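The block underneath contains the structure these notes are about, expressed in structure tokens.
All of the numbers you see were taken from the coordinates with simple rules; none came from a lab. Since the model is a prediction, treat every value here as computed from it, not as a measurement. Cβ sites come from the backbone with ideal geometry, for glycine too, and all protein chains shown count toward neighbours.
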Amino acid sequence: MFHNKNWLLILCAGIFLMYGCAGLVVGGAAVGAGSGTYLYINGELKTDYYSPFDKVWAACEKTVADMHGFDVVPNKEIGTGTIDSVIDNEKVRFSVTYKAKNVTTVAIRVGIIGNKLSSQLIHDKIGDNILKK
């Protein structure tokens, strides 16, 4: 009886440990570049990147260049900035905001009313560019 209880305890502990690790493995890439949590409000898709402002700004500029954006108008100030561009014949606005020491918020709006799928694609490219730097 004692032997069976030990195996049950070990099995339960193993399930909890694997459950926690799976969460880390699945969310690992997102934690490295972005939070993995997106908020879509009023046509903007926002997320936090756990990187300094300047690194995220550079990744946004590289994303615009990689996606062959034209009519690019960057406006960078201390702790905040926007990049307006035309990508695939759609107006795109990157809004980059300092949130904390190594946390930067980026909001993407594609088109006049917003396009969630296109914004998600751009966020994915920003995350890739942050990891490359």
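At full extension, ASN42 and ALA58 could sit 3.2 nm farther apart than now, given 0.36 nm per residue minus the alpha carbon distance. Scoring 69-82, 88-101 by mean Cβ neighbours within 10 Å over their residues and listing the highest first yields 88-101, 69-82. Seen from PHE94, the other residues with C-beta closer than 12 Å to its C-beta sum to a net charge of +4, counting Lys and Arg as +1 and Asp and Glu as -1. Normalising the Debye intensity of the stretch 76-133 to I(0), with uniform scatterers on Cα atoms only, and taking log10 at q = 0.15, 0.22, 0.23, 0.28 Å⁻¹ returns -0.47, -0.94, -1.01, -1.23.
Residue by residue, the stretch 77-91 carries 3J(HN,Hα) couplings of 10, 6, x, 7, x, 9, 10, 9, 7, 10, 10, 6, 6, 10, 6 Hz when phi is fed to the Karplus relation 6.51 cos²θ - 1.76 cosθ + 1.60 (θ = phi - 60°); x denotes Gly or Pro.
Available extension along the chain between LEU117 and VAL72 is 14.1 nm, counting 0.36 nm per residue and deducting the alpha carbon span. Subtracting the Cα-Cα distance of LEU131 and GLU90 from 0.36 nm times their residue separation leaves 12.1 nm of extension gain.
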